[in-house]
Amino acid sequence: MKHITHWIDGKPWVGDAKRRGKVFNPATGVQTGEVDFATAIEVDEAVAAAARAFTSWRTTSVARRTSMLFALRELLAAHLGDLADLVVSEHGKVQSDAAGEVARGLEVVEFACGIAQLLKGEFTEQASTGVNVHSLRQPLGVVAGITPFNFPSMVPLWMFPLAIACGNTFVLKPSEKDPSASAYLAELVAEAGIPPGVFNVVNGDKEAVERILVHPGISAVSFVGSTPVARHIYETAAREGKRVQALGGAKNHMVVLPDADLRDAAEAAVSAGFGSAGERCMAAAVLVAVGGCGDALVEHIQERVSRLTVGPGTDPSSEMGPLITAEHRDRVAAYLAIGESEGATIAIDGRDHDIRGDAGGYWLGPCLLDRVSPGMRVYAEEIFGPVLSLVRVETLDEALALIERNGYGNGAAIFTANGEAAQRFETEVEAGMVGINVAIPVPVSYYSFGGWNNSIFGDLDIYGPDGVKFYTRGKAVTSRWRNVAEHHSSLAFPNAAASDKSGMEP
Ligand code: NAD
């Protein structure tokens, strides 16, 4: 049985044996490991190590930090397959999907390799006569990240590479359900030559999170997970004076206009709805068929799903793996009966899908609920599994109104051949990330990722330019080196424009 420990001050750190969690292989239901659960003691150790490391890390030259990030990039690229294997073994997603998530995380490391350019300030010569002004961005100190189960390598990589590139040190609390990817990332960080204490991992549950939220040594918290927890993280950490970005859940709508290539749109809906068993915050959860194209979409989806292979992620022929836990599988499957009782029809029943896997795995095949409408629980709640709901509307106006009223606002997509409709959708849709004939519009790493409304709490999105702003504080410096003494006789408030007209300096 594998034992997954914390990683503090550049080495594994074994916690109290009394607090441990179980880790399972979702494709078999067999326990494969035990993970240490941190108490305040381990969190405090990690923060102390990070605080010690911060003193020298923040003054380590940008050039050296960059070269270490390049080393990390090379190591990640070389070990992409190993990391993906760990994701498959504890999350359950299929190997190609796991490799994709590592690659999207690697992109953020590549963005962070450009930190020299990203941290540049601005300079104004002669803002007033003999007075120059420049700005700089400085690290915050020790920052923490709390991450969800569904992207065990990518979401940590959304956070810590940029945070440490900016000169911060980091404490990560990954999901307790699939912690091995983070443990492996910590080893790669050490191998890249990044000093002990710069990146630390504490495993655990709510108890570790609660200590992070109130720890006086932590300056900022990045969180990705479900909306109720995101709200709690935001409120608690902000009350403690910390900078917070808390990304929450989603109910993403994919709108299909009748002029779209409906077979193509159906393929996209299957990929975006059932990829990773629907356990993606950018998964298509609601398919909105506009102007009578619903029947054709259902037919194409039924045909595609009849050929969709559900099985273990380790089998290269599998297109979709199991769900994360037996409880979650049962919760997701229960929505079929809930939907039916609310008046929806089950167009595809995933409980009957042919599963090519171990009977102990947490399986549920792709499901399609047809004739769903906004009053229903299956429409309103985040299901986070392979259940796609089809809503039929007459016009694009109705589709836009649905999305606006939904409450979440992570991603939204439109499939159409009509440029005018696409442009209108882009302008009016109430969502932070928009796809036009792209079903999962996750921005590349040099943009930032973030939804709207109940999908995010905080002002700055994650990674990209917002990530740099989140992990740094700005400073503006006004300086004079000429005739310093003679300019301090006046008590008037410094005013560059007035002083230039009068020939006086402020
Ligand atoms: P979760 O909210 O249950 O857990 C996320 C993290 O918070 C974990 O590390 C967990 O240990 C911790 N946690 C859980 N309950 C807590 C509590 N009561 N108090 C303090 N900490 C707690 O989320 P999950 O089930 O791991 O992940 C799935 C959710 O994450 C979905 O809602 C999904 O939409 C969302 N998600 C959002 C994004 C995004 O970018 N917006 C990305 C991925 C996942």
**Asked** Is the chain rounded, prolate or oblate when judged by the Cα gyration tensor, a ≥ b ≥ c being the square roots of its eigenvalues, rounded requiring a/c under 1.5 and prolate requiring a/b larger than b/c?
**Response** oblate
**Exposure rule at most 13 other beta-carbon atoms within 10 Å, DSSP loop trypsin sites (Lys or Arg not before Pro): the chain longest free segment** = 121-306
**Request:** Hey, can you grab everything whose amide H is under 5 Å from the amide H of A347? Only 5+ residues off in sequence or another chain; H modelled, so Pro and N-termini drop out.
**Result:** L368, L369, D370
**Asked** Residue-wise, which Karplus ³J(HN,Hα) couplings in Hz belong to region 457-463, taking 6.51 cos²θ - 1.76 cosθ + 1.60, θ = phi - 60°, and x for glycine or proline?
**Response** 10, x, 9, 10, 6, 9, 6
**Asked** Short version: ³J(HN,Hα) in whole Hz for each residue of region 126-139, in order, from phi by Karplus 6.51 cos²θ - 1.76 cosθ + 1.60 (θ = phi - 60°), x for Gly and Pro, what are they?
**Response** 6, 4, 10, 4, x, 10, 10, 10, 9, 10, 9, 10, 10, x
**Request:** Mind listing the long-range amide H neighbours of I456? Cut-off is under 5 Å, sequence gap 5 or more, other chains count too, H placed in the peptide plane at 1.01 Å from N.
**Result:** G248
**Message:** Past 26 Å, Cα to Cα: identify those pairs from K242/K469; K11/K120; K93/K242; K11/K242; K206/K469; K2/K242, in the order given.
**Reply:** K11/K120; K93/K242; K11/K242; K206/K469; K2/K242
**Message:** Less than 12 Å Cβ to Cβ from A421, Lys/Arg counted +1 and Asp/Glu -1: what total charge do the surrounding residues give?
**Reply:** -4
**Prompt:** Can you run phi through the Karplus equation (6.51, -1.76, 1.60; θ = phi - 60°) for region 379-394 and list ³J(HN,Hα) in whole Hz, with x for Gly and Pro?
**Reply:** 7, 7, 8, 6, 8, 6, x, x, 10, 9, 9, 9, 10, 9, 10, 8
**Assigned charges on the beta-carbon of Lys, Arg, Asp, Glu; the chain dipole about Cα centre (debye)** = 1880
**Asked** When DSSP assigns beta bridges and you keep just the ones with both residues in region 305-432, what percent turn out antiparallel, to the nearest 5?
**Response** 40
**Asked** So which DSSP H runs in the chain come out at 15 Å plus along the axis (Cα) with average Kyte-Doolittle of at least 1.0?
**Response** 154-165
**Prompt:** Taking square-rooted eigenvalues a ≥ b ≥ c of the alpha carbon gyration tensor, is region 252-450 rounded, prolate or oblate, where a/c under 1.5 means rounded and, failing that, a/b exceeding b/c means prolate?
**Reply:** prolate
**Dipole of region 252-450, positive end: most advanced residue of N410, G311, G278 [Cβ charges, Cα centre]** = G311
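Just so you know, all these numbers are worked out from the coordinates, no wet-lab data involved. These numbers were taken from a predicted model, which means no experiment stands behind them. Reconstructed Cβ throughout: ideal geometry from the backbone, glycine too, with neighbour counts over all protein chains shown.
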